[in-house]
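One structure is given here, and the rest of the page talks about it.
Throughout, read-outs are computed from the coordinates displayed, never taken from laboratory work. Because the structure is predicted, anything quoted here is derived from the model rather than measured. We place every Cβ from the backbone using ideal geometry, glycine too, and count neighbours over all the protein chains shown.
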Ligand SMILES: [Zn+2]
């Protein structure tokens, strides 16, 4: 067994597990991110609170069994589908948090602020579930959720994107002292909209509001614009790359200069697949495909340097993105968040252990998982797997 720091999944939308596999066909002439989003919106609006909780539990179960000990949940379902508030305005966030705690993994609830459909665009009825009336509403929700007394729970702020959050809101958010995550430049049209509204890149708008810091994570950055690299560097910010989702959605590949120069973490995002090592190895394999070279993300002549760099992306870099100190490492005084991978299998024979984990493993190799010293997965199986699957079935598409 190879013992590693537990994996950190820094970008997740748990409920999107509900339609995995049901969008792998082409209903009309052209299918892309925007038509996928229509399908996602219909799922987002048909799930009641108990369905969202059951889907979250299913996604987090799958994560735990794949070695994930902490998830950054980018949570944007807040209200009833008609936009009215639940009696407790944080009903859905609390259910998602409860799902993570039931499974036994840590959660950083990245509470999304969503203010509008876009620049000069009327809001779409399908977005009513996400929309806050003011930036204060988002900050109040975070304040209420931060009162939850469980050391496995933390909260952060997630202004959804430059499209969905106007500059005036970002100005208020710049004072926020915890982790801030934001979708940035996932699609070229998002850049075009920012250029039309502000005359600069989405990241330049974010920088001008004073939001770039080591606690800022730009999710995706698939289509950066000129100057964005130095903006990230100066701010000390990082990128969360979600390679399997970015391929699934046809977003594109993060340019290599960003992979080499900026700290990277990874996320399972749309849950098209939950396999953190697949995300980590894709960082390097996509870099090779773009560069026409081998061993791109590794220092020269450092033994196991590449595997170590990619393990950092699923470990300490992800933990830092979620504001967690002393996580993602094996050290005295660090949190005992651990994953044991079984190397007792033909595919690992003769392969150096770290390289086997990073380049050959799949989630079936996960044998045991501990969170804060408590074992949550034993011999590859979570003790509540059967009941969680049973409860999830009625909310899945058939
Ligand atoms: Zn996302």
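Across the alpha-carbon atoms of the chain, the computed radius of gyration and Dmax are 19.9, 59 angstrom. Where only DSSP H runs of four or more residues are counted, the chain gives -10500 deg cm²/dmol as its mean residue ellipticity at 222 nm, each run worth -39500 (n - 2.57).
Using the Cα gyration tensor of the stretch 46-182, with a ≥ b ≥ c the square roots of its eigenvalues, what is the shape: rounded (a/c below 1.5), prolate (a/b larger than b/c) or oblate (neither)? Verdict is prolate for the stretch 46-182.
Comparing mean-square fluctuations of 93, 39, 357 from a GNM of the chain with C-alpha springs under 10 Å, the top value falls on 39. Inter-label distance, residue 171 to residue 143: 2.0 nm, where each label sits 7 Å from its Cα along the C-beta direction. The value obtained for the stretch 158-219, namely the Cα convex hull volume divided by the number of residues, is 66 Å³ per residue.
Per-residue packing, averaged as other Cβ atoms within 10 Å, sorts the ranges 139-149, 277-287, 242-252 into the order 277-287, 242-252, 139-149, beginning with the highest. Is the C-alpha gyration tensor of the stretch 134-276 telling us rounded, prolate or oblate? Criteria: a/c under 1.5 is rounded; beyond that, a/b larger than b/c is prolate, otherwise oblate. Oblate shape, in that a/c is at least 1.5 and b/c is the bigger or equal ratio. Pull out a ≥ b ≥ c, the square roots of the eigenvalues of the alpha-carbon gyration tensor of the stretch 194-348, then state rounded if a/c is under 1.5, prolate if not and a/b is larger than b/c, and oblate in the remaining case. Prolate. Taking every DSSP beta bridge that has both ends in the chain, the antiparallel portion is near 30%. Ordering 158-167, 385-394, 42-51 by mean Cβ neighbour count within 10 Å, with the highest value first, yields 158-167, 42-51, 385-394. Spatially, the stretch 369-398 and the stretch 233-295 are offset by 28 Å when compared through their Cα centroids.
Ranked by the mean number of other Cβ atoms within 10 Å of their residues, highest first, the peptides 108-114, 328-334 fall in the order 108-114, 328-334.
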